[in-house]
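These notes are about the structure you will find just below.
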Amino acid sequence: SQQGEEDPQALSIQEGENATMNCSYKTSINNLQWYRQNSGRGLVHLILIRSNEREKHSGRLRVTLDTSKKSSSLLITASRAADTASYFCATANQAGTALIFGKGTTLSVSS
Amino acid sequence: KAGVTQTPRYLIKTRGQQVTLSCSPISGHRSVSWYQQTPGQGLQFLFEYFSETQRNKGNFPGRFSGRQFSNSRSEMNVSTLELGDSALYLCASSSPPGQDFSYEQYFGPGTRLTVT
């Protein structure tokens, strides 16, 4: 079963705009990760935020985590056409041996 | 370092047949995980191997099995294929998780399996 649920399911924006995706999860976590998947290909790790962190930046990415609401958001600033992809949040299972993914947000950036 | 490689990249099989997919992890990674991705169910965890031992298994029927070799390469097998097994099968490798289960996985490009 899915641990994380992303919102919205699909997002269409113009180049240069910001894109925000949200993720909600059900159980307590040690950390939460975001991955990107270009059409039909493997996933690429973007960023990991630990449960004791509230915000983290990596280039044009900003991730926030609110453990009280069991939610996280991924902000991509100044989007580019190359950012077109599906974005997934993931949390580790209790044993730390598997990632549980949400269903993802499909982002389309048009030029 | 070379990334995770998966072979074959594409595969077409008939219902009832069996299939074996292969995954070579990043050099030095001893953990290999397998995931199934379908439009309806999304990304679902199949199993994880570490040092040739299956440590965790997802909620899949016994037709799905796997193994890991001493060089950390892994194979997964699906027997008696069903139409619903059509999916992208992703393999991921990782080094041991950090103390807080900071468990970043590196994914291969996947094997696209079509069952007709």
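Could you check how much of the accessible area of the stretch B:4-116 is carbon and sulfur, as a whole percent, using a 1.4 Å probe?
Of all accessible area on the stretch B:4-116, carbon and sulfur atoms account for 48 percent.
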Taking the stretch B:19-116 and dividing mean pair separation by its residue count, relative contact order in percent (alpha carbons under 8 Å, at least six apart): 31
Cα-projected label distance for residue B:67 with residue A:44, points at 7 Å along beta-carbon direction, nm: 3.6
Peptides A:8-17, A:34-43 ordered by average Cβ neighbours within 10 Å, highest first: A:34-43, A:8-17
Stokes-Einstein D in µm²/s, Kirkwood radius over Cα pairs - chain B at 20 °C with 1.002 mPa s viscosity: 151
Estimated buried accessible area (total), pair A and B, 1.4 Å, Å² to nearest 100: 1900
Given charges at beta-carbon only (K, R positive; D, E negative), |dipole| of the protein assembly as shown in Debye: 400
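Taking the Cα centre of the stretch B:13-116 as origin and charging only Cβ (+1 Lys, Arg; -1 Asp, Glu), how large is the dipole, in debye to the nearest 20? Write down the numbers at each step before the final one.
On the way: 9 positive and 7 negative charges, 58 e Å.
Using Cβ point charges on Lys, Arg, Asp and Glu, the stretch B:13-116 gives about 280 debye.
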For chain A: accessible area per residue (Å², 1.4 Å): 47
Within chain A: Cβ-based charge dipole about Cα centre, in debye rounded to nearest 20 (Lys, Arg +1; Asp, Glu -1): 240
Extension gain (nm, one decimal) between residue B:60 and residue B:20, 0.36 nm per residue minus Cα-Cα: 12.8 nm
Reduction of at least 10 Å² in accessible surface, 1.4 Å probe, comparing all protein chains with the chain by itself, residues of the stretch A:9-41: A:30, A:31, A:33, A:35, A:37, A:40, A:41
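The values are calculated or read from the model by the stated rules, or taken from the named source; none is laboratory data. Please read all numbers here as calculations on a predicted model, not as lab measurements. Quick reminder, even Gly has a Cβ in these numbers, built from the backbone with ideal geometry, and neighbours come from all protein chains shown. The accessibility values were calculated without ligands, DNA or RNA, using every heavy atom of the protein model including side chains. Shrake-Rupley method; radii C 1.70, N 1.55, O 1.52, S 1.80 Å.
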